[in-house]
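Laboratory data are not the source of any read-out in this text; all were calculated from the coordinates shown. Here the structure is a predicted model, which is why all the values come from computation and not from measurement. Here the Cβ is made from the backbone with ideal geometry for all residues, glycine too, and neighbour counts use every protein chain on show.
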């Protein structure tokens, strides 16, 4: 009698246990095919491993489902569906048969009557047997496809199994941005997660742990649609719903080849990275075919096309001997002319150029290079280059030429063209500006290149030159003095002003004098102007009682004084005449003689006329000086 102490269970029969052992040992498949039901002749049966048949079997049909328990992999689940039009018997015993027809598993169950429709009541009944095996590896989990009945659970599970294998997965609430612990409630990418939320884990230090997970209070589990190798395949795609940085992104599994979940490294890629909206798209690193050089159609301009058409050269070339260029190797190029021997480069006919074709030439060595035009081609932008003419590029000269498809070459840029421009010519010899010096002034580097004009207000004042450290060697200061004489001084702490052989801490500038100074590392140097005349060798002088004055023509004037008593004496010139002495003059002072006068004379000394003169005097006693004057060269 069945009561609360009754036990219900399923076991392998001895035959079943032997067949499983044989399948495991030989590695051969073992097919379980049918389930039998019996009423045990109204008794309460106890399964026995020695059974080879049921006590009273009233139904045997193919299995509707055979699978491994998803919770316990050592348990086999066999299932059969009894339709509503079969029955009229009790179910107390269940048997499982293999393809050979042998009873391999037997079970008892609580008595259950299966009615049929003719009794006024009917139902579709599912009978399920769970039994433990030592290994499921060689058991063929396959049912007869001709069996048309299936439980709702089976259908739903099979549908889910197939859905889970699809590459497009259910969206996740958030995606990781860094390695995380796969447990507990967390905040990821600004999203506070709840138990049951789906998360894309893609940044684990151990990348085999990446995948889709379900959040739990304790350890996280892989999501049911991504917890087996069959469900996680290359190109799997899913969307992220929320996140401070990853909201509304889509991710693809880019791990190629066969994947063993838990062993294979999984790598995900953001396939929305770079996607742009149709309205005002902001594209990231798009590529396109590059149009031909000089293409002016509505095609997309790639960076390569823009580079070649906006001032950047297609390439750099070198020429060092006579060359005739063609349209193909000219336009878009920059040529370095590199030779110590003169040579000629013939340009292609201008009408072979696309509209806007450009070429640049730079002479980087010492020999002049001739750029020759062909046919009726001529050049604008450079004076005098008519049909068949030429342009010469000397060392470091440059020129940029362009064409518009006719027979004209346009000199757009370069030193050869610039030197002929009206602007450059107008700047030659002109000052950058005028500055009036009305009182003591400290000049700055901004005053270089201009003209400083003095005035009467400068009389007795000082003008200070710019500090050397603020200038570049070669900068100039030009001063034209006015009606007031002044002094020119270096900046405090700078070296003195170099003028002639002198270095002065203060240089006097007289009225209406001019001076040009140039900066250099050793100080300001006077290089021109009337002030320099006083310090140049051509105008050198010694303005003392016995002195001299040199003039640019070579003429030298010397003066001095001597004394002698009634006889002859010698006067040595302050400096020797380099070439010859023209005349020597003498006169007496008469200061001590009162109204008395005496005769005196002088002539160049015969032995050394360019060095000294001989004096003759009738003065009886000393007292009055003899003044002397000599002219020579």
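Some observations on this one:
- The angle between the Cα long axis of helix 14-26 and the longest principal axis of the Cα atoms of the chain comes to about 30 degrees, rounded to the nearest 10.
- Modelled FRET efficiency - R0 60 Å, residue 512 with residue 338, Cβ distances, 0.05 increments: 0.65
- Counting only alpha carbon atoms, the long axis of helix 152-164 and the longest principal axis of the chain meet at about 20°.
- A Förster distance of 56 Å, applied to the separation of the beta-carbon atoms of residue 535 and residue 302, puts the FRET efficiency at 0.25.
- Bridges between two residues of the chain, per DSSP, are antiparallel at a rate of about 75%.
- Inter-part distance where the range 322-375 and the range 175-192 are each reduced to a Cα centre, Å: 66 Å
- Mean-position separation - Cα centroids, the range 478-497 and the range 49-101, in angstrom: 122 Å
- Subtracting the Cα-Cα distance of residue 461 and residue 442 from their residue separation scaled by 0.36 nm leaves 5.7 nm.
- The chain - mean residue ellipticity at 222 nm from DSSP helices (-39,500 (n - 2.57) per run, n ≥ 4, rounded to 500): -2000 deg cm²/dmol
- Taking packing as the residue-averaged number of other Cβ atoms within 10 angstrom, the listed peptides 89-95, 491-497 run from highest to lowest as 89-95, 491-497.
- Highest-first packing order for the peptide set 237-249, 313-325 is 237-249, 313-325, based on the mean count of other beta carbon atoms within 10 Å.
- Ascending count of other beta-carbon atoms within 10 Å, so fewest first, for 199, 155: 155, 199
- Secondary structure note: in the range 310-404, about 40% of the DSSP beta bridges are antiparallel.
- Placing dummy labels 7 Å off each Cα toward the beta-carbon, the span from residue 156 to residue 2 is 2.6 nm.
- Distance between the modelled labels on residue 549 and residue 603, one decimal in nanometres: 2.9 nm (7 Å Cα→Cβ projection).
- In nm, spacing of pseudo-spin labels at residue 43 and residue 14 (7 Å Cα→C-beta vector): 1.8 nm
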